[in-house]
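Contents: one structure, followed by commentary.
The values are calculated or read from the model by the stated rules, or taken from the named source; none is laboratory data. All values derive from a computational prediction rather than experimental measurement. Methodologically, a virtual Cβ is constructed for each residue, glycine included, from the backbone with ideal geometry; neighbour enumeration extends over all protein chains shown. For accessibility, only protein heavy atoms count, side chains too; no ligands or nucleic acids. Shrake-Rupley method; radii C 1.70, N 1.55, O 1.52, S 1.80 Å.
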Amino acid sequence: MPVTFLTGASETKKEELIKKLLKDEKAEYIRIHPDDPDKLNFLRSIINTRTIFSGKTVVDIIDFDSWRSQEQKRFLELVKNVPEDVHIFVRSQKSTAKGVNLDLPKPWETDKWLEWIEKRFRESGLKITKDALQLFFSKVGTNDLLIEREIEKLKAYSETGNISAEDVEEVVFTYQSPGYDEFCFAVSEGKRRLAHALLSQMWKNTEPVVISAVLVNHFLDLFKLVVLVTRKRYYTWPDISKISKELGMPVPRVARFLGFAFKAWKFKVINHLLYYDTTKLESILRKLYELDRSVKSEEDPKPFFHEFIEEVALDVYSVQGNEE
């Protein structure tokens with residue numbers, strides 16, 4: 001089909017699909033960006049000036065979502081009759097039933113992201129240890145283009161193709177800005193002001209049900225650690241690595257819960273097992289259940305989240321005395 005919508009969040013997969021077609025067909029490649037002047041007339045000239053001597057052409061429409069609504073309507077009219085030797089790819093973030101859906105795991109689906117990243121390493125001819133994979137994810141996050149960039153850096157850096165945590169620490173840039181994990185840990189560490197500030201930031205572009213879900217997952221992971229891990233004042237790197245493997249929990253997450261700080265971390269961490277027990281966590285999970293009900297029934301559930309932050313902080317020692 002001459003017009004293909006590439007929907008979903010994975011820009012990497014869209015790029016690969018188009019490159020494969022270019023390699024197979026040996027076609028002329030043209031990109032059209034949202035801010036290109038007179039882009040519709042340019043596209044019209046491509047479609048209407050084909051001759052029997054013309055070769056195949058691939059037109060790559062970048063970020064169709066950023067086009068003005070009138071431009072989108074004119075585009076859809078224009079591409080109703082596209083010659084067979086012109087193939088137009090339309091990149092959109094919006095997943096629909098039409099076209100090719102190239103989506104990514106949801107931001108909070110850590111296990112799926114780790115599987116996805118490990119697969120990308122394999123496809124690049126690299127092997128990465130579990131510890132290194134989890135550290136890589138904690139530094140790069142869920143931007144697939146950044147993930148590809150950092151994998152390429154590691155490929156150029158590694159002489160053996162085997163990637164260790166030390167390699168990741170040495171080569172990979174830390175892109176992760178405060179997000180779900182930072183917010184959840186601000187709550188569980190009793191950092192009231194930071195938690196309130198991060199919630200206000202997240203509220204602008206995150207659904208309340210998502211915030212509720214990540215809080216539940218956070219405290220369920222902590223509950224698992226409290227129940228299954230022997231309580232100690234200090235944990236070593238071998239402790240962290242072993243617990244991560246036994247529980248299937250990402251290394252950075254285990255480390256922060258248990259008060260083990262990587263050198264690259266510029267913030268204080270606390271050993272949660274010294275401040276939480278099963279009774280306290282059962283109470284918190286009950287509160288989260290009530291919070292989830294508020295999310296689904298209240299017109300503005302934001303005050304309930306702020307109230308939850310205060311209730312948790314009341315029972316938790318704050319690692320920053322000047323916070324309070």
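Out of the residues in segment 121-139 meeting the condition of being open to solvent by 80 Å² or more (accessible area, probe 1.4 Å) and at pLDDT 85 or above, tell me which one is nearest to Gly8 (Cα to Cα). Step by step, filter segment 121-139, then rank; the result is Glu123.
Does segment 127-141 contain any residue that is of a type in the set (D, E, K, R) and either touching a strand residue (DSSP E or B) at 6+ places or on another chain (Cβ under 7 Å) or on the phi > 0 side of the Ramachandran plot (or both)? Yes, segment 127-141 contains at least one residue that is of a type in the set (D, E, K, R) and either touching a strand residue (DSSP E or B) at 6+ places or on another chain (Cβ under 7 Å) or on the phi > 0 side of the Ramachandran plot (or both).
Has segment 118-125 got any residue that is more than 19 Å from the chain's Cα centre (by Cα) and within 26 Å of Ile47 (Cα to Cα)? Can you show your working first?
We begin by selecting, within segment 118-125, every residue more than 19 Å from the chain's Cα centre (by Cα); these are 122-125.
Now drop any that are not within 26 Å of Ile47 (Cα to Cα), which leaves none.
No, that holds for no residue.
What single numbered condition from (1) under 31 Å from the mean Cα position of the chain (by Cα); (2) over 19 Å from Leu145 (Cα atoms); (3) at pLDDT 85 or above; (4) open to solvent by 70 Å² or more (accessible area, probe 1.4 Å) fails to hold for His87? Status for His87: all satisfied but (4).
The single residue among Gly141, Gly125 that is farther than 26 Å from Leu215 by Cβ and not assigned by the TED database to the domain that holds Phe262 turns out to be Gly125. With the requirement that a residue be under 26 Å from Leu135 (Cβ atoms) and open to solvent by 40 Å² or more (accessible area, probe 1.4 Å), what does segment 183-205 give you? Result: Leu194, Gln201.
Yes or no, residue by residue, for (1) within 21 Å of Val229 (Cβ to Cβ); (2) at pLDDT 85 or above:
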{"residue": "Lys263", "(1), (2)": "no, no"}
{"residue": "Lys266", "(1), (2)": "no, no"}
{"residue": "Thr279", "(1), (2)": "yes, yes"}
{"residue": "Glu282", "(1), (2)": "yes, yes"}
{"residue": "Lys287", "(1), (2)": "no, yes"}
{"residue": "Lys296", "(1), (2)": "no, no"}
{"residue": "Asp300", "(1), (2)": "no, no"}
{"residue": "Phe305", "(1), (2)": "no, yes"}
{"residue": "Glu323", "(1), (2)": "no, no"}
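Considered as a group, the residues in segment 140-157 that are open to solvent by less than 20 Å² (accessible area, probe 1.4 Å) and without any contact (Cβ under 8 Å) to a residue 60 or more places away in the chain include one that is nearest to the chain's Cα centre (by Cα), and that residue is Gly141.
Please work out which residue is modelled with the lowest pLDDT, limiting yourself to segment 102-117 and to residues that are open to solvent by 40 Å² or more (accessible area, probe 1.4 Å) and either within 20 Å of Trp67 (Cα to Cα) or assigned to a helix (DSSP H, G or I) (or both).
Pass one, segment 102-117, residues open to solvent by 40 Å² or more (accessible area, probe 1.4 Å): 103, 106-112, 115.
Narrowing further to those that are either within 20 Å of Trp67 (Cα to Cα) or assigned to a helix (DSSP H, G or I) (or both): 110-112, 115.
Values: Thr110: 77, Asp111: 80, Lys112: 85, Glu115: 90.
Only one residue fits best here, namely Thr110.
Scanning segment 137-192 for residues that are under 21 Å from Glu115 (Cβ atoms), part of a helix (DSSP H, G or I) and out of contact with any Asp or Glu (no Cβ under 7 Å at 6 or more places or on another chain) yields a total of 15.
Counting only residues that are open to solvent by 30 Å² or more (accessible area, probe 1.4 Å), farther than 28 Å from Ile117 by Cβ and of a type outside the set (Asp, Glu), give me the helices (runs of 4 or more DSSP H) lying completely in segment 1-84 with at least 2 of them. Talk me through it step by step, then tell me what you get.
Numbers: elements: 11-25, 39-48, 69-78.
The helices (runs of 4 or more DSSP H) meeting that bar are 39-48, 69-78.
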